[in-house]
Amino acid sequence: MTARRRYAAGALPVPTYRARAAHHGRRAADCRDAGRRSGCGVRLRVVGRPARRLGPAGWTLPPLRKAWNSAKREVAPWWPECSKEPFNTGLDALAQALKNWSDSRAGKPAGRPVGFPRFKSRRRTTPSVRFTTGTIRVEPDRTHATLPRLGRLKLHESARKLARRLDAGTARILSATVRRDGGRWHVAFCAEVERAERHPTRPHPTRPHATVGVDVGIKHLAVLSTGELVPNPRRLDTASRRMRRLARRLSRRVGPDRRTGQQPSNRWRHAQTQLARAHARVANLRRDGLHQLTTRLTAAYGTVVVEDLNVAGMLRNRRLARHIADAGFAELHRQLGYKTGWNGGRLLTADRWYPSSKTCSGCGTVKAKLALSEREYQCEACGLALDRDLYAARNLAALAAQIDTAGSGPAPGRGADRETRLGGQVAVKRQPGTATAAQTGTVPPQGGTTDHTLARAH
């Protein structure tokens, strides 16, 4: 099987090439914003029209690129100074943004509506450019990479994993993206690789622990249905003291002022780089921990069941918002989604209203109300007392077995009487149904008065 993988490494371009990389990144942003400015007239012409008459065909990348090529000699006489890739990068971002806006007006994607592409200040833009043509290669020493117009770049870490696949003929580089993040330049190669067929070590639902339920939280990053507690490293709390000190240092130095045109001092730039690196380190440590957890779960279990949490609603809680954001629930779900496909497994996602914490995993009794402060749930029917997160993980694991054994057809509901009311409350879990990331299935309703259908995952 073939799959696309990303190989990223920090880069150390020489000063001349560093200036070229920044120049290419600025041109990509300028091209994108210029297209958005010209698109404002398009927006005024289509407001009030039905979605079917918006004509999104002219907003795709080929027409935008054709329009740019016909006008670039007049509007941008400096265009030969750069490679063509910065302009393609900006136009591609513009085409994707216009497509998202057009699809939102047509009602295609679920969720909140997507607005018209807005201008983004250069100060808030991450310099980035993607190269798709020209000389893109990893040097034989595996510590250097060569890109068009930027030349030979020194890598902070070895690219041996990608180089081995390239030498064996099992990988092909499709593109390379250069971006500046956290005060450092990075090079990311997008490669199409040939992967061997993989299977989880416990793929069959009839075997013990073949299915695992994962309940994410703040006290523990994840509680598994097997009883394992994955600790939450709290990366942001660990680095908060240093980050506050760096932020105070930055505020005391002479920064830029748009009103007077004052340029930032070198000491301010240095302090800003230090603060950006501190934030980038926290993000990298968090991402690395999530990768280790998701790789272990998807390699061992054939079925992984998680909850579809309303993270945006949970972040409205001022007391828990920082801890929820630090845990990275959405990133955990995203990684499980594609890694289960890599390993031949499946990911089931329970609806956010499903009362996993309120349901007894022993007898199935559902408690009407369970405060967030009640960390241990004791069933009044059978007397089973367990941590509420372990209850939730076991109930999530039971959903996969229910899908595999029930087949299709109406199923009786059990559980809560009604959904959580809107206004004044934060919706965390929903009630009926599940949906898979790679394979779709629906579980029987856990409450309500209407009948729903239980579909088998294929």
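The values are calculated or read from the model by the stated rules, or taken from the named source; none is laboratory data. All values reported here derive from a predicted model rather than from experimental measurement. Every residue, glycine among them, receives a Cβ derived from its backbone with ideal geometry; neighbour counts consider all protein chains shown.
Observations
- Filtered residue count, the range 133-162, keeping only those that are without any contact (Cβ under 8 Å) to a residue 12 or more places away in the chain, in a loop (DSSP other than H, G, I, E, B) and among the β-branched types (Val, Ile, Thr): 0
- Across the range 78-91, not a single residue is classified as surrounded by fewer than 19 Cβ atoms within 10 Å (Cβ to Cβ), assigned by TED's automatic domain parsing to the domain that holds residue 8 and of a type in the set (D, E, K, R).
- Against the criterion of being farther than 26 Å from residue 129 by Cα, of a type in the set (Gly, Ala, Ser), surrounded by fewer than 16 Cβ atoms within 10 Å (Cβ to Cβ) and over 28 Å from the mean Cα position of the chain (by Cα), residue 265 qualifies.
- Candidates in the range 344-359 are the residues that are touching a Phe, Trp or Tyr at 6+ places or on another chain (Cβ under 9 Å), modelled with pLDDT of 75 or more and part of a loop (DSSP other than H, G, I, E, B); of these, the one that is surrounded by the most Cβ atoms within 10 Å (Cβ to Cβ) is 345.
- Number of residues in the range 104-132 that are in a loop (DSSP other than H, G, I, E, B), of a type in the set (D, E, K, R) and without any contact (Cβ under 8 Å) to a residue 24 or more places away in the chain: the value is 2.
- Hits in the range 100-133 (condition: under 24 Å from residue 187 (Cβ atoms) and surrounded by 14 or more Cβ atoms within 10 Å (Cβ to Cβ)): 120, 125, 127, 128, 129, 130, 131, 132
- Screening the candidates 248, 319, 234, 296 for the property of being closer than 28 Å to residue 123 by Cα and charged (D, E, K, R) yields one hit, 248.
- Residue match in the range 273-286 (condition: in contact with a helix residue (DSSP H, G or I) (Cβ under 7 Å, 6 or more places away or on another chain) and either over 18 Å from residue 325 (Cα atoms) or assigned to a strand (DSSP E or B) (or both)): yes
- Scanning the range 296-332 for residues that are outside any strand (DSSP E or B) and of a type in the set (Asp, Glu) yields 308, 326, 331.
- Qualifying residues in the range 79-137 (those that are among the charged types (D, E, K, R) and modelled with pLDDT of 80 or more) - the one nearest to residue 166 (Cα to Cα): 137
- Test: residue in the range 91-101 that is touching a helix residue (DSSP H, G or I) at 6+ places or on another chain (Cβ under 9 Å) and free of Cβ contacts under 8 Å to residues at least 12 places away in the same chain: yes
- Of the residues contained in the range 266-282, one or more are found to be touching a Gly at 6+ places or on another chain (Cβ under 6 Å) and among the aromatic types (Phe, Trp, Tyr).
- Where a residue in the range 234-262 is assigned to a helix (DSSP H, G or I) and its partner, wherever it lies, is among the acidic types (Asp, Glu) and surrounded by 11 or more Cβ atoms within 10 Å (Cβ to Cβ), with Cβ under 8 Å and at least six apart: 235/326; 236/326; 237/326
- The single condition from (1) in the same structural domain as residue 400 (by TED's automatic domain parsing); (2) more than 16 Å from residue 212 (Cβ to Cβ); (3) surrounded by 14 or more Cβ atoms within 10 Å (Cβ to Cβ) that residue 253 fails is (1).
- Within the range 163-174, residues that are within 15 Å of residue 146 (Cα to Cα) have Cβ atoms under 9 Å from residues that are modelled with pLDDT under 90 and basic (Lys, Arg) in these pairs: 174/4, counting only partners at least 6 apart in sequence or on another chain.
- Residue match in the range 274-281 (condition: basic (Lys, Arg), surrounded by 14 or more Cβ atoms within 10 Å (Cβ to Cβ) and in contact with a strand residue (DSSP E or B) (Cβ under 9 Å, 6 or more places away or on another chain)): yes
- Subset of the range 159-205 that is modelled with pLDDT of 90 or more and among the acidic types (Asp, Glu) - its residue that is nearest to the chain's Cα centre (by Cα): 192
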